[in-house]
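Asks: To start, I am sharing the structure in question, which I have written as structure tokens.
The values are calculated or read from the model by the stated rules, or taken from the named source; none is laboratory data. Keep in mind that this is a model prediction, so the values were computed, not measured. Please note: Cβ atoms are built from the backbone with ideal geometry, for glycine as well, and neighbour counts cover all protein chains shown.
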Ligand SMILES: NC(=O)C1=CN([C@@H]2O[C@H](COP(=O)(O)OP(=O)(O)OC[C@H]3O[C@@H](n4cnc5c(N)ncnc54)[C@H](O)[C@@H]3O)[C@@H](O)[C@H]2O)[C@H](O)CC1
Ligand SMILES: [K+]
């Protein structure tokens, strides 16, 4: 797990004040980290074009040019005259060793975007936009210094300074960042970083269910009751995934339980041995609120997904102690509307995913939320996690039902709601990563059949 930050200038300040490391020292380490990265990937003599802006992001780029010259065929393009004190200082140092400047985006092996970093505001003017378009059309290996400029530069790798920035994990930014690597700035990351409520999940954080105890039986692993309605297929996918992920027993529950697999049980009412409930997937609108209340008149841990996220009964669900909500963007705006927290468009949500998740969690601190997306957000109270390992392979009907089953299974096996949710989410993305077929071909059944190989 790695920490994520809204901003790192306060962390830089700690370096100046607590460790006697000046801005200059931090910048030299930033440039050195980028130089090491390039040296590890490209042999001496490779051509490197560095495009610089006028602030400290540009200054990082100018320092990089000095460190690579003359072993590499370095060219520098100043889009604007150096303006910040550090950019002026770095330019003076570079001028002292003499380096060719160029004025167009020439063909090169490595192209470094040091136009703007965290100081970017507003929009680019057409001139800079067209340079970035040219850079994007280059065949070079593309490196973003700190962050891709304005999230318009398509990087193969983003070399980010000091610590991970939350903004890099906004869904829309996933196209631009490429592989992300943190560069240490003169002190180890553990020393540079301070507390943060936001964390990035690593695949290694996955904690799978275990069967280490020998004297057990199916009841030891819980019983998930999956309340199904009109579209039975969704409930079946959820149930099959839950059973495969270790729940001792799984039942589909409701009025429509025909044609279900032999391994799944069925009943009209909640089974007595129920230890967790999954509700919402394929529910349709055939149940009255009274019917639904009969499934909710208990305090079992519960995962709510899909159709139920649009229903008034959600208010009742949110009062429960151990509840997990797994909306996608459209469902989350419905949840926010039902809760009278915000009436917003999907677009507004996607631009401000972190803010609206924080708003929801502040109002419902007992609820665990998983907001689906290119980068999944998992949150409870003041703890926030981003799972960035999902891929477009998962963009298919039924993937979410499998995820609900994984969460429900862990809830039934008595993981806490937060643990159940982030472990299920990590398992879900791992299933897609492990799938060896073509990207477009993954089906929910493929996901379920991979569970046994985790
Ligand atoms: N710990 C760290 O992350 C460190 C980061 N470093 C680098 O410093 C930059 C941030 O530098 P700063 O000077 O604050 O800002 P920028 O260079 O990103 O941008 C300011 C620069 O850009 C111009 N500008 C702003 N908006 C626009 C716009 N819409 N169009 C055109 N130009 C724009 C503005 O006029 C300024 O001139 C960080 O990203 C790192 O790369 C340090 O190296 C040390 C530690
Ligand atoms: K940049």
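Asks: State the number of residues belonging to segment 259-298 that are closer than 26 Å to residue 220 by Cβ, under 31 Å from the mean Cα position of the chain (by Cα) and surrounded by fewer than 20 Cβ atoms within 10 Å (Cβ to Cβ).
Replies: 0
Asks: So, residue 240, is that one in contact with a helix residue (DSSP H, G or I) (Cβ under 8 Å, 6 or more places away or on another chain), at pLDDT 95 or above and outside the structural domain of residue 443 (by TED's automatic domain parsing) or not?
Replies: No; evaluated as a whole, the condition is false for this residue.
Asks: Another one. Taking only segment 421-444 into account, find how many residues are crowded, with 18+ Cβ neighbours inside 10 Å, part of a helix (DSSP H, G or I) and more than 17 Å from the chain's Cα centre (by Cα).
Replies: Step one: filter segment 421-444 for residues crowded, with 18+ Cβ neighbours inside 10 Å, giving 421-432, 435, 442, 444.
Among the residues that remain, those that are also part of a helix (DSSP H, G or I) are: 421-432, 444.
Next, only the ones that are more than 17 Å from the chain's Cα centre (by Cα) stay: 444.
Final tally of qualifying residues: 1.
Conditions tested, residue by residue: (1) within 14 Å of ligand 1 (Cβ to nearest atom); (2) over 26 Å from residue 150 (Cα atoms); (3) assigned to a helix (DSSP H, G or I).
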residue: 10; (1), (2), (3): yes, no, yes
residue: 25; (1), (2), (3): yes, no, yes
residue: 31; (1), (2), (3): yes, no, yes
residue: 38; (1), (2), (3): no, no, yes
residue: 45; (1), (2), (3): no, yes, no
residue: 49; (1), (2), (3): no, no, no
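Asks: Just to be sure, is residue 47 over 33 Å from the mean Cα position of the chain (by Cα) and away from ligand 2 (no atom under 16 Å from the Cβ)?
Replies: Working: over 33 Å from the mean Cα position of the chain (by Cα): yes; away from ligand 2 (no atom under 16 Å from the Cβ): yes.
In short, yes.
Asks: Another one. Does residue 344 satisfy the criteria of being closer than 30 Å to residue 248 by Cα and at pLDDT 95 or above?
Replies: no
Asks: Is it the case that segment 54-77 has a residue that's in the same structural domain as residue 109 (by TED's automatic domain parsing), within 22 Å of residue 156 (Cα to Cα), surrounded by fewer than 22 Cβ atoms within 10 Å (Cβ to Cβ) and within 14 Å of ligand 2 (Cβ to nearest atom)?
Replies: Yes, the conditions are met somewhere in segment 54-77.
Asks: I need a count of the residues in segment 54-78 that are within 15 Å of residue 94 (Cα to Cα), part of a loop (DSSP other than H, G, I, E, B) and within 16 Å of ligand 1 (Cβ to nearest atom).
Replies: Total satisfying the criteria: 1.
Asks: Then there is this: Looking only at segment 310-368, count every residue that is within 21 Å of residue 408 (Cβ to Cβ) and part of a loop (DSSP other than H, G, I, E, B) and tell me the total.
Replies: 13
Asks: Out of 288, 266, 334, 251, which single residue is free of Cβ contacts under 8 Å to residues at least 12 places away in the same chain and in the same structural domain as residue 355 (by TED's automatic domain parsing)?
Replies: Every option except 288 fails the conditions.
Asks: So residue 150 clears everything in (1) within 15 Å of ligand 2 (Cβ to nearest atom); (2) within 21 Å of residue 386 (Cβ to Cβ); (3) in contact with a helix residue (DSSP H, G or I) (Cβ under 9 Å, 6 or more places away or on another chain) except one condition, right? Which one?
Replies: Status for residue 150: all satisfied but (2).
Asks: Go through (1) out of contact with any strand residue (DSSP E or B) (no Cβ under 9 Å at 6 or more places or on another chain); (2) modelled with pLDDT of 95 or more one by one and return the number of the condition residue 305 breaks.
Replies: Failing condition for residue 305: (1).
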